[in-house]
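Inspection log for the structure reproduced underneath, given as C-alpha cells.
The values are calculated or read from the model by the stated rules, or taken from the named source; none is laboratory data. Fair warning: this is a prediction, and the values are worked out from it, not measured in the lab. Cβ sites come from the backbone with ideal geometry, for glycine too, and all protein chains shown count toward neighbours.
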Amino acid sequence: MTQRLTREQAWDLLTEYNQSDALLKHALAVEAVMRYFAAKYGEDVEKWGIIGLLHDLDYEMYPDEHCQKSPEIMRERGIDEEYIHAVCSHGYGICSDVEPVHIMEKVLYTIDELTGLINAVCLMRPSKSVLDLEVKSVKKKYKQKNFAAGVNREVIEKGCQMLGADLDDIIHETILGMRTAAEAIGLKGSL
C-alpha cells in the first residue's frame, strides 16, 4: 500500500533523519521554491513541496549513500514510488542514475544547488536578506567559481536546459520562491 504524506508527516520523517540546522533550512528553502514553481505551473503544490522537503532525506545520516538510502527509508514507510523517483532524480549524474523526467523532477534538479548559492549570496549582503536580493547580485557571484565553490553550477545549467529555461529567469523565480519562506530559512535578515 502506498500513501501520500501530509506535510507534517514529511517534516517528522525529515527530522528523524536530519538534525543539522543548515540542512533543515535548506530543505525548507527547496520546499518553498518547489511550492512556488508548482503554483506557477498549475501543479500539485502540496506534492511538490513535500518532495522538495524530503529531497535530502538520507544526506545527514548517510552522506556516502546519498540518494541510495532514501528509497529504502521511503519504501519502508509505504511512500509512493512517484515521490521516491523524484527524490532520487535530484542527484542525477552525481549520486544517482535516476533521470529527471517529470517537470517537477527537472525543477528540483535545477533549483537544489541554486538555493544553496542564493543562500550564500544573501549571507554576504549587508541586509543578510533574500527580500531585497536581485538577479544581478546572484549572477555576479555565480560567475565567481571560488564563491560557494561547493555549488555545482553545471547541474544548474543542465537543469535550465532540461526545462528549456533561461538561467536569469530561473534565478529570479527561485529568489521569489525563497522569499515566501524568508523567516523560516533564516534569510529575512534586517528587513
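Values computed for the structure shown
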read-out	value
Test: residue in the stretch 134-147 that is touching a Phe, Trp or Tyr at 6+ places or on another chain (Cβ under 9 Å), closer than 15 Å to L108 by Cα, touching a residue at least 12 places away in the same chain (Cβ under 8 Å) and part of a helix (DSSP H, G or I)	no
Any pair with Cβ under 7 angstrom, 6 or more apart, that starts in the stretch 36-48 at a residue that is in contact (Cβ under 8 Å) with a residue 40 or more places away in the chain and ends at one that is basic (K, R) and surrounded by 15 or more Cβ atoms within 10 Å (Cβ to Cβ)	W48/R35
Filter result (surrounded by fewer than 17 Cβ atoms within 10 Å (Cβ to Cβ), part of a helix (DSSP H, G or I) and of a type outside the set (A, V, I, L, M, F, W, C)) within the stretch 159-177	Q161, D168, D169, H172
Any hit, the stretch 49-59, residues being within 25 Å of V138 (Cα to Cα) and of a type in the set (D, E)	yes
Filter pass, Y92 being farther than 19 Å from I156 by Cβ and among the hydroxyl-bearing types (S, T, Y)	no
Spans of helices (runs of 4 or more DSSP H) in the stretch 30-119 with at least 1 residues of a type in the set (A, V, I, L, M) and under 11 Å from the mean Cα position of the chain (by Cα)	45-54, 81-89
Scan of the stretch 122-159 for residues that are in contact with a Ser or Thr (Cβ under 7 Å, 6 or more places away or on another chain), under 18 Å from A184 (Cβ atoms) and of a type in the set (A, V, I, L, M, F, W, C), ordered by number	C122
Neighbours by Cβ (under 9 Å, 6+ apart or cross-chain): first from the stretch 72-97, closer than 11 Å to Y109 by Cβ and among the polar types (S, T, N, Q); second surrounded by fewer than 17 Cβ atoms within 10 Å (Cβ to Cβ) and at pLDDT below 95	none
